[in-house]
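Visitor: This structure is in structure tokens; I'll ask about it shortly.
The values are calculated or read from the model by the stated rules, or taken from the named source; none is laboratory data. No experiment lies behind these values; they were computed from the predicted model shown. Note: ideal-geometry Cβ built from the backbone for every residue, glycine included; neighbour counts use all protein chains shown. Ligands, DNA and RNA are stripped out before the accessible areas are found, and what is left, the full protein with its side chains, is counted by its heavy atoms. Shrake-Rupley method; radii C 1.70, N 1.55, O 1.52, S 1.80 Å.
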Amino acid sequence: HVGRVTGLGASPDGRTLVSGGANGEVRVWDARTGQALLAVRRHSGAVTHIEFSANGKLLVTAGDGHTAV
């Protein structure tokens with residue numbers, strides 16, 4: 001991330017981590033290897049909340065007044 005990490009979530013199976021940054025970026029990581037799998041800029045401000053659905057197929061991020069699915 002450019003800047004600080006402001007949110008963190010883990011998939012129910014523990015295989016995937018998702019981090020959110022102060023700059024609105026969301027990154028998906030392989031928890032076993034530490035390899036970044038995806039980086040997208042989905043928010044105009046800091047990402048403060050990251051949640052997976054119980055089955056791990058849906059990811060929701062939120063922060064600074066809006067939500068991305």
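Visitor: If you scan the range 49-69, which residues turn out to be within 14 Å of His1 (Cβ to Cβ) and at pLDDT below 95?
Guide: Passing the criteria: Thr61, Gly63.
Visitor: If we keep just the residues of the range 1-20 that are under 12 Å from Thr48 (Cβ atoms) and over 8 Å from the mean Cα position of the chain (by Cα), which is most open to solvent (accessible area, probe 1.4 Å)?
Guide: The residue in question is Arg4.
Visitor: Still on this structure, please answer the following. Which ones in the range 21-40 are of a type in the set (A, V, I, L, M, F, W, C) and open to solvent by 60 Å² or more (accessible area, probe 1.4 Å)?
Guide: Trp29, Leu37, Leu38
Visitor: Follow-up question, since we're still on this one. Being open to solvent by less than 40 Å² (accessible area, probe 1.4 Å), out of contact with any Lys or Arg (no Cβ under 9 Å at 6 or more places or on another chain), touching a residue at least 12 places away in the same chain (Cβ under 8 Å) and of a type in the set (A, V, I, L, M, F, W, C) is true for just one of Ala62, Ala46, Ala54. Which residue is that?
Guide: Just one listed residue meets the conditions, Ala62.
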